Amino acid sequence: MHESWKKFLKAEFDKPYFKELAEFLHDEYAHKTIFPRKELVFRAFTTDLNNVKVVILGQDPYHTPGAAEGLAFSVPNSQPLPPSLINIYKEIDSDIGQHANPRGSLANWQKQGVLLLNTVLTVEAHKPKSHAGKGWETFTTATIEHLNSVRPHLVFILWGRDARNKKVLIDASKHLIIESAHPSPLSAYNGFFGSKPFSKCNEFLKQNGMEPIVW
């Protein structure tokens, strides 16, 4: 985790809810197949807090073997593209032109200041949302509140119901909120396609004197 997050994370880790979550996860990792690997759970927090310009908020990690790598919607380049990421690339192509990523890793987005965060950071293999309601939502609520208060002019891209529930935590007079259905094939045609989040994001960044994201 990046040094810039240390104070915030220590405060959360010391709270009773997180200690209960940690005990739950210790048991889950000991007896079940859980994604992502332990060392990747907080990978999103290797993003320098002081460089964050965009927050993309999703649901929970990919639940198929080899896919989850600790960054929301991203997969290792060795993996086939998941349907949600295929739809994200389709929307980029429709919105602003050809997407820049040749394969599935979104690490280059992270390097540009995009925080790729899910509302729940772990999942049991083949059981989507299996770690919902265990404490992660409290943690990611605190994360959004922290970002809202310490960073100026962020773009929050909220995909899906779980992410959109965090909208109330964000000061819309200071930040840009872009929300739509999740890019999953189950919901992408209910408002994700055609929502143009990438051009809207970059226009806001340019208006506030920041470099646009190369999507």
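The values are calculated or read from the model by the stated rules, or taken from the named source; none is laboratory data. Note that the structure is predicted; figures quoted are calculated from it, not measured. Here the Cβ is made from the backbone with ideal geometry for all residues, glycine too, and neighbour counts use every protein chain on show. Quick note on the areas: whole protein, heavy atoms, side chains included, nothing else; ligands and nucleic acids left out. Shrake-Rupley method; radii C 1.70, N 1.55, O 1.52, S 1.80 Å.
Tell me whether the range 191-206 contains one or more residues that are free of Cβ contacts under 8 Å to residues at least 60 places away in the same chain, open to solvent by 10 Å² or more (accessible area, probe 1.4 Å), more than 18 Å from the chain's Cα centre (by Cα) and under 24 Å from P61 (Cα atoms). The answer is yes, given that some residue of the range 191-206 is free of Cβ contacts under 8 Å to residues at least 60 places away in the same chain, open to solvent by 10 Å² or more (accessible area, probe 1.4 Å), more than 18 Å from the chain's Cα centre (by Cα) and under 24 Å from P61 (Cα atoms). Residues in the range 42-61 that are open to solvent by 40 Å² or more (accessible area, probe 1.4 Å) and under 24 Å from A22 (Cα atoms) were compared, and the one that is farthest from the chain's Cα centre (by Cα) is T46. Considering the conditions (1) in contact with a Gly (Cβ under 7 Å, 6 or more places away or on another chain); (2) more than 17 Å from F139 (Cβ to Cβ); (3) β-branched (V, I, T), I86 is excluded by exactly one of them, (1). Of everything listed in (1) more than 20 Å from Y89 (Cα to Cα); (2) modelled with pLDDT of 95 or more, the single unmet condition for D162 is (2). Of the residues making up the range 159-188, those that are open to solvent by less than 50 Å² (accessible area, probe 1.4 Å) and either part of a helix (DSSP H, G or I) or touching a residue at least 40 places away in the same chain (Cβ under 8 Å) (or both) are W159, G160, D162, A163, K166, L169, H182, P183, S184, A188. D60 - would you say it is in contact with a helix residue (DSSP H, G or I) (Cβ under 6 Å, 6 or more places away or on another chain) and closer than 27 Å to K200 by Cα? No: the conditions fail for D60.
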